[in-house]
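Structure first, commentary second.
The values are calculated or read from the model by the stated rules, or taken from the named source; none is laboratory data. Quick caveat: nothing in here was measured; it's all calculated off a predicted structure. No Cβ is skipped: glycine too gets one built from the backbone with ideal geometry, and neighbour counts run over all protein chains shown. Keep in mind that these areas ignore ligands, DNA and RNA; they rest on the heavy atoms of the full protein, side chains included. Shrake-Rupley method; radii C 1.70, N 1.55, O 1.52, S 1.80 Å.
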Amino acid sequence: GLKVPAPLKHPSHEPVHQPAWLLALGGVRHAWNSNMDSKSGGQGVSTSQVLQIVLIPWVAFTIIMTLYVFVAHISLPAVWVTILVSICFGLMFMVMDRTTKKGGVYLTLGVCLLLATFLGSMLGMWTYQTYTKVYFAYSEYREYNNVIASESAAAHADAGKIVFAKGTRVDTMKAVGYKDGSTYCVAPISDSAMTGRVEFWAVGVDCCAAREDIWCDSARDGDARSGVVSLDYSGFMDVIQESKYDMYQKAVKVAESQFDIVSSPDAMFVRWVRDPTHIQDEFWKMGFGVYIITILGYLVFCAGTGWAFQALSKPPQSRTVDP
């Protein structure tokens with residue numbers, strides 16, 4: 001009449017239900033490992049191969065960024081040739097992977113090199129158009145001194161920096177802000193000899209009210225009488241948005257209608273500042289800062305890619321096997 005207790009089930013005998021995403025990830029890794037083993041004979045990848053995957057794309061990225069920052073203002077074709085060569089090497093590595101048994105090293109290297117070329121080109125072009133091209137342009141364009149606000153702006157078409165005569169000021173009471181996402185601000189630059197036709201406009205973005213007030217740069221500084229020309233360098237951004245120059249023109253049209261003034265067809269837009277050289281140096285500091293941050297950031301990214309490749313390419317005997 002004794003009852004025999006039922007045997008206890010070992011926890012390991014219980015079915016384990018894993019999330020679908022984890023099973024899918026495991027399948028991807030298994031497929032990757034099978035592909036790498038078939039190409040490398042189960043030997044995995046060496047440290048030198050991982051270093052190639054890390055350093056070659058990073059060097060290509062750094063070279064492209066460097067050319068955009070330091071050389072593009074002299075010779076853009078030199079940058080384009082370098083980008084083309086980098087693309088060719090990336091494609092060559094991908095083709096080589098089909099004829100060699102390197103565990104997918106060349107394929108990964110080719111993909112990483114093409115990615116580095118693309119990102120280096122996009123970030124380099126943006127840095128060049130936004131910062132360094134403007135910096136070098138101010139160095140190459142002329143600087144005019146003791147300019148009278150009523151003088152023809154067309155006579156100073158090659159200006160980068162302008163120092164106006166004493167008594168020149170920004171007419172803040174005729175300022176206009178044109179709203180289109182950001183607020184594009186304009187105000188006439190005038191002096192005692194003004195006849196109603198505006199040759200120079202102080203401009204800025206998001207630094208004014210809709211009417212009769214502006215605080216862009218040094219617009220409210222009574223001692224400021226210099227301007228750095230607002231250069232219309234929008235580059236490929238023109239594809240997705242209108243340039244600042246176009247927006248300033250629209251703001252000028254509103255000012256003409258609102259205050260019964262006439263703008264010269266060759267009117268020049270300037271940032272009203274106390275020290276033009278300081279503004280120029282700011283463009284260089286910003287551009288160089290972006291340059292340093294991007295090349296260091298991409299080195300970290302490449303190191304992570306190399307680590308992931310090595311982890312996924314371990315030979316079967318070094319992978320952990322569950323009992």
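Of the numbered conditions (1) open to solvent by less than 70 Å² (accessible area, probe 1.4 Å); (2) of a type in the set (D, E); (3) in contact with a Gly (Cβ under 9 Å, 6 or more places away or on another chain), E199 fails exactly one; give the number of that condition.
(3)
For the condition outside any helix (DSSP H, G or I), on the phi < 0 side of the Ramachandran plot, free of Cβ contacts under 8 Å to residues at least 40 places away in the same chain and open to solvent by 10 Å² or more (accessible area, probe 1.4 Å), what is the one hit in I87, I83, I74? Lay out the reasoning, then the answer.
Numbers: I87 fails: outside any helix (DSSP H, G or I); I83 fails: outside any helix (DSSP H, G or I).
Exactly one of I87, I83, I74 is outside any helix (DSSP H, G or I), on the phi < 0 side of the Ramachandran plot, free of Cβ contacts under 8 Å to residues at least 40 places away in the same chain and open to solvent by 10 Å² or more (accessible area, probe 1.4 Å), namely I74.
Being outside any strand (DSSP E or B) and modelled with pLDDT under 90 is true for just one of Y106, Y131. Which residue is that?
Y106
With respect to the numbered conditions (1) assigned to a loop (DSSP other than H, G, I, E, B); (2) within 23 Å of the chain's Cα centre (by Cα); (3) surrounded by fewer than 15 Cβ atoms within 10 Å (Cβ to Cβ), which one is the sole condition not fulfilled by E282?
(1)
Just checking, does the range 219-241 include any residue being at pLDDT 90 or above, within 30 Å of the chain's Cα centre (by Cα) and surrounded by fewer than 18 Cβ atoms within 10 Å (Cβ to Cβ)?
Looking for residues that are at pLDDT 90 or above, within 30 Å of the chain's Cα centre (by Cα) and surrounded by fewer than 18 Cβ atoms within 10 Å (Cβ to Cβ), one finds none in the range 219-241, hence no.
Does at least one position in the range 173-189 carry a residue that is among the basic types (K, R), touching a strand residue (DSSP E or B) at 6+ places or on another chain (Cβ under 7 Å) and outside any strand (DSSP E or B)?
Taking every residue of the range 173-189 in turn, at least one turns out to be among the basic types (K, R), touching a strand residue (DSSP E or B) at 6+ places or on another chain (Cβ under 7 Å) and outside any strand (DSSP E or B).
Quick check, is S139 outside any helix (DSSP H, G or I) and surrounded by fewer than 20 Cβ atoms within 10 Å (Cβ to Cβ)?
So S139 fails the test.
Going by the conditions given, is V59 open to solvent by less than 70 Å² (accessible area, probe 1.4 Å), over 15 Å from T127 (Cβ atoms) and within 20 Å of the chain's Cα centre (by Cα)?
The answer is yes for V59.
Between a residue in the range 91-113 that is at positive phi and surrounded by 19 or more Cβ atoms within 10 Å (Cβ to Cβ) and any residue that is modelled with pLDDT under 90 and not aliphatic (A, V, I, L, M), which pairs come within a Cβ distance under 6 Å, given they are 6 or more apart or on different chains?
G103/K39; G103/S40; G103/S313; G104/K39
Just give me the residues in the range 194-217 being assigned to a loop (DSSP other than H, G, I, E, B) and farther than 18 Å from I261 by Cα, in sequence order.
So the first thing to find is which residues in the range 194-217 are assigned to a loop (DSSP other than H, G, I, E, B), and the list is 194-196, 206-207, 209-210, 212-213, 215-217.
Correct list: D206, C207, A209, W215, C216, D217.
Using beta carbons and a limit of 6 Å, which pairs, at least six apart or on different chains, have the first residue in the range 170-184 and surrounded by fewer than 19 Cβ atoms within 10 Å (Cβ to Cβ) and the second one acidic (D, E)?
Once the first residue is surrounded by fewer than 19 Cβ atoms within 10 Å (Cβ to Cβ) and sits in the range 170-184, its partners that are acidic (D, E) give M173/E212; S182/D206; T183/D206.
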